[in-house]
Amino acid sequence: MTVKTLTLALGERSYPIIIGQSLLAQAGKYIKPHLAGKRICIISDAAVADLHLQALMAGLADLDGCAIDSIILPPGEATKSFDVLEDVLGQLLEKNFSRNDCLIAFGGGVIGDLTGFAASILKRGCRFIQIPTTLLAQVDSAVGGKTAINTKVGKNLIGSFYQPKLVLADTDVLGTLPVRELKAGYGEVLKYGLINDPEFFGWLTQNGGEKIIACDPKALAYAIETSCAAKAAIVKQDEREHGVRALLNLGHTFAHALEARAGYGGTLLHGEAVSAGMLMAFEFSSDQGLCPPEDVERLRVHQDKLGLCTADNLAAILFEDPKVLLGFMAADKKNTNDQLNLILARGIGKAFLADNVDKDKILSYLTQKKEG
C-alpha cells in the first residue's frame, strides 16, 4: 500500500501525518528527522505493549546513539488521571529527561492524551510523537494537539493544546483490535461525514462502513486519510478551538456526560459514547425543528446496521437521573459563563455551534430518553 503523507499546517508547529502499512518496521527512518536529544521514552499500555512494543523497538534499532526507555501503564480510561500523570512525570524526572528528549505516545487515545499532556508540562515542554494504535486515535485524537486527563467533575477538563512533532499511523496494527474497539473508532470516522461532508457519509453507508470494521486495507486507508485531512483543515483554521474547531465535538457534550456517569471504568468506551452522543445531537436538533427527521433516521439506520452504540442500547442506569447528566454537560469546556453551548445539526453534513441552548429543553430531552 502506498504511504500517504498529510501536513497539518501550523507555521513553525506544522508536522506530518504519515499513513500506511508496515510503518512500525520503518519507525526509526520516519522519527529520526524529528529528534534533537539522545533519549526516547515510549509510553504505552500493557495491552499494546504485549502486541506491538517489540516490533516498534525493532523499527527504532537504527537510531544509533539514542537510548530508548519505556513506561507501561494499565489500559483503560482510568489511566487518564492525576495519579498516573504524576507517576509518569516522576519517572521521567528521575531519568533527568530533557526538553530536547522525546516521548512517544504508543497506544490509543488514552495514552496519546496522557503522554501529550505530560510532554506539554515536563520542564515546560519536551518533544513528543504520536504513534496511534486504535482506529479512533488514528482518525481523531492523535491529530490536532489536544491533550488532557479526566477528573471526577468531567472528562478532559485538565489539559493543554500541545502539538506533536509527527503522527505515524500504521494501519496494520488495527488488525489486532477487537471488533468492539473498531466499532468505537468508527464513530469518530462517521463524525466527519456528519459535520460537513455528506458525500463521505454516503460512501460510508454504501458498504464503506462494513469494510472499515472488517479492516479492509483500502477502505481503512481512505477513511483515515479523509478523516485526518478533514481534521487538519479545521485545526489549521482554529488551533485552540475559538470557533470552527468546536464542530469536531459533534455529539461529544452528550458523550462526555455519559462517560462521566459511567465512571471511566471501561463500561462505556469513548467512541461508543460519541456514537450515541451524535445520534442524540441529531435527535435533539430534530426535536427543536432544526434537522429533518429523515436525516435522523438515515443516521439511526446506518448505526443500527453496523451495530454501533446508541442511547437506546445503553444501560438504563446512565439515564436514571437526567439532572446528573445535565450537570456533566454544563461542565463542558465549550460552555461560557453559565451558557450551555452544543454542536447541533441542520442535517447530515450541516453541523453548527448553537450558543446558549435552553437547559430546560435539554433536560426535557434527557427525561424522554430515561422514559424510553
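The values are calculated or read from the model by the stated rules, or taken from the named source; none is laboratory data. For clarity, every value in this text was computed on a predicted model and none was experimentally measured. Neighbour counts run over all protein chains shown; Cβ positions are idealised from the backbone, glycine included. Accessible surface areas use protein heavy atoms only, side chains included; no ligands, DNA or RNA. Shrake-Rupley method; radii C 1.70, N 1.55, O 1.52, S 1.80 Å.
Normalising the average separation of contacting C-alpha pairs (under 8 angstrom, six or more residues apart) by the number of residues puts the relative contact order of the chain at 15 percent.
Each of I195, L10, M280 was scored by the projection of its Cα onto the charge dipole of the chain, and the greatest displacement toward the positive side belongs to L10; charges sit on the C-beta of Lys, Arg, Asp and Glu.
The mean sequence distance of close C-alpha pairs (under 8 Å, at least 6 residues apart), as a share of the length of the stretch 114-190, puts its relative contact order at 38 percent. The stretch 210-237 and the stretch 49-89 have Cα centres lying 25 Å from one another.
Of the candidates V167, V235, V274, which one comes out as most mobile in a Gaussian network treatment of the chain with C-alpha springs shorter than 10 Å? Of V167, V235, V274, the Gaussian network model singles out V235 as fluctuating most. Roughly what angle does helix 270-287 make with the longest principal axis of the chain, taking Cα atoms, 0 to 90 degrees, to the nearest 10? Approximately 30 degrees, to the nearest 10. Checking every one of the trypsin sites (Lys or Arg not before Pro) in the stretch 131-226 against DSSP loop status and a limit of 11 other Cβ atoms within 10 Å picks out K152. The alpha carbon centroids of the stretch 263-290 and the stretch 122-163 are separated by 21 Å.
Bridges between two residues of the chain, per DSSP, are antiparallel at a rate of about 40%.
Within the full protein context, the accessible area of I234 is estimated at about 10 Å² for a probe radius of 1.4 Å.
Counting only alpha carbon atoms, the long axis of helix 109-121 and the longest principal axis of the chain meet at about 60°.
Note on the stretch 166-234: Kirkwood hydrodynamic radius from all Cα pairs is 12.2 Å, rounded to one decimal. Shown for the stretch 278-367: lysine pairs separated by 8 or more places, or found on different chains, whose C-alpha atoms are under 24 Å apart, numbering 13. Rolled with a 1.4 Å probe across the full set of protein chains, the surface gives V301 an accessible area near 80 Å². The long axis of helix 293-306 is offset from the longest Cα principal axis of the chain by roughly 50 degrees.
Computed from the C-beta positions of R99 and K218 and an R0 of 45 Å, the FRET efficiency is 0.65 to the nearest 0.05.
Given +1 at the Cβ of Lys and Arg, -1 at the Cβ of Asp and Glu and no other charges, the dipole of the chain around its Cα centre is 880 debye to the nearest 20.
Surface calculation, 1.4 Å probe, protein heavy atoms: H34 sits at approximately 40 Å² accessible.
Counting only protein chain heavy atoms and rolling a 1.4 Å probe, the accessible areas of T151, T5, T79 rank, largest first, as T5, T151, T79.
Top mean-square fluctuation among I149, I19, I71, Gaussian network model of the chain, C-alpha springs under 10 Å? Comparing I149, I19, I71 in a Gaussian network model of the chain, the most mobile one is I71. GNM on the chain, alpha-carbon springs under 10 angstrom: the most fluctuating residue among A351, A58, A229 is A58.
Counting other Cβ atoms within 10 Å, which GluC sites (Glu not before Pro) in the stretch 255-331 have at most 15 and lie in a DSSP loop? Loop-located and lightly packed - E320.
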